[in-house]
Amino acid sequence: MHEPAPTPPTVVLVHGAFTDASSWAKVIVLLHAAGLTVRAPANPLRGLAQDAAYIRSVVRDIDVPVVLVGHGYGGAVITHAATDADNVMALCYVAAFGLDARECVLDITSRFPPMPLADATFTAALPARFPDGPDSELYISRERFPQVFAADLPPRVSNVLSVAQRPIARSALTGRSGPPAWASKPSWYAIATADQVLNPTAQHFMAQRMAAAEYLLDGSHAVVLSQPGAVVAMIREAAEHGTGRSHGDGLGRTF
């Protein structure tokens, strides 16, 4: 008798700061073409604990195994959200923050040489405040956005992204992570070697710390849009690893 085929996982894509779920559009098209089910929820970007709680609720609502993918700040969110999510079978980081326990985003950015993002952002007060909500948000200036966030995209695309960017609450950058999910779940990491937002050396440090399979992508922070095929190759490897169908060597790839 043949054993029943393993249940294909659902891929949950979590975007980071200064963008929204539409940043995954090209990745979603390719994942659908590969026969995978995809969810791309809106990351609230209001604070690490709140954002992780929301993503955790999305994951728990899925009754099959999940490959959880985070881009940029979204990596911090999945790290915090997946620790007690039993159906998460693998984590994928794309130029993302893979925090350790009690660590925050600013701990990582201050540990490595500053990137052009540091002097390209500005703070704006919220038009309306809510009880217990943040009082200020961080944006990238429209003039600097194309070069800092998406230097490998056509100007007509990066200019649209600069106008449509979603700000992140400043307090999200100081939210402390809980026990990291990567300590107990297999992980993959796509390092964007031309990133001007998150230092590629910091990315390599976090990938090594979590013993992740590494993919080296010659791209900007917007690598999910500029190199969707390479990002999908990593996600598919993680998905196949969890179903026992992977033929990769776990050493990662260079694109």
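Of the residues that sit in region 11-27 and are out of contact with any Leu (no Cβ under 8 Å at 6 or more places or on another chain) and open to solvent by less than 10 Å² (accessible area, probe 1.4 Å), which one is nearest to residue 90 (Cα to Cα)? The extreme case among them is 13.
Residue 101 falls short on exactly one of the conditions (1) touching a helix residue (DSSP H, G or I) at 6+ places or on another chain (Cβ under 8 Å); (2) open to solvent by 20 Å² or more (accessible area, probe 1.4 Å); (3) under 19 Å from residue 204 (Cα atoms), and that condition is (1).
Of the residues 8, 4, 41, the single one that is part of a loop (DSSP other than H, G, I, E, B), modelled with pLDDT under 95, in contact with a Leu (Cβ under 9 Å, 6 or more places away or on another chain) and open to solvent by 10 Å² or more (accessible area, probe 1.4 Å) is 8. The condition of being out of contact with any Gly (no Cβ under 8 Å at 6 or more places or on another chain) and without any contact (Cβ under 8 Å) to a residue 40 or more places away in the chain holds for only one of 33, 81, that being 33.
When each of 36, 30 is tested for being of a type in the set (A, V, I, L, M) and open to solvent by 50 Å² or more (accessible area, probe 1.4 Å), the lone residue that passes is 30. Scanning region 111-120 turns up at least one residue that is in contact with a helix residue (DSSP H, G or I) (Cβ under 9 Å, 6 or more places away or on another chain), free of Cβ contacts under 8 Å to residues at least 40 places away in the same chain and assigned to a helix (DSSP H, G or I).
Evaluating residue 62 against the criteria (1) open to solvent by 30 Å² or more (accessible area, probe 1.4 Å); (2) at pLDDT 95 or above; (3) outside any strand (DSSP E or B) leaves one unmet condition, (1). Of all residues in region 44-53, exactly one satisfies the criterion of being within 15 Å of the chain's Cα centre (by Cα) and open to solvent by 10 Å² or more (accessible area, probe 1.4 Å), namely 44. Among the residues of region 144-195, those that are without any contact (Cβ under 8 Å) to a residue 24 or more places away in the chain, open to solvent by 20 Å² or more (accessible area, probe 1.4 Å) and in contact with a helix residue (DSSP H, G or I) (Cβ under 8 Å, 6 or more places away or on another chain) comprise 146, 155, 159. Screening residue 96 with (1) part of a helix (DSSP H, G or I); (2) open to solvent by less than 10 Å² (accessible area, probe 1.4 Å) gives one miss only, at (1). Here residue 69 meets each of (1) of a type outside the set (Ser, Thr, Tyr); (2) at pLDDT 95 or above; (3) surrounded by fewer than 23 Cβ atoms within 10 Å (Cβ to Cβ) with one exception, condition (3).
The values are calculated or read from the model by the stated rules, or taken from the named source; none is laboratory data. What you see is a predicted model; the values in this text were computed from it and never measured. Every residue, glycine as well, gets a Cβ built from its backbone with ideal geometry; the counts of neighbours run over all protein chains shown. Keep in mind that these areas ignore ligands, DNA and RNA; they rest on the heavy atoms of the full protein, side chains included. Shrake-Rupley method; radii C 1.70, N 1.55, O 1.52, S 1.80 Å.
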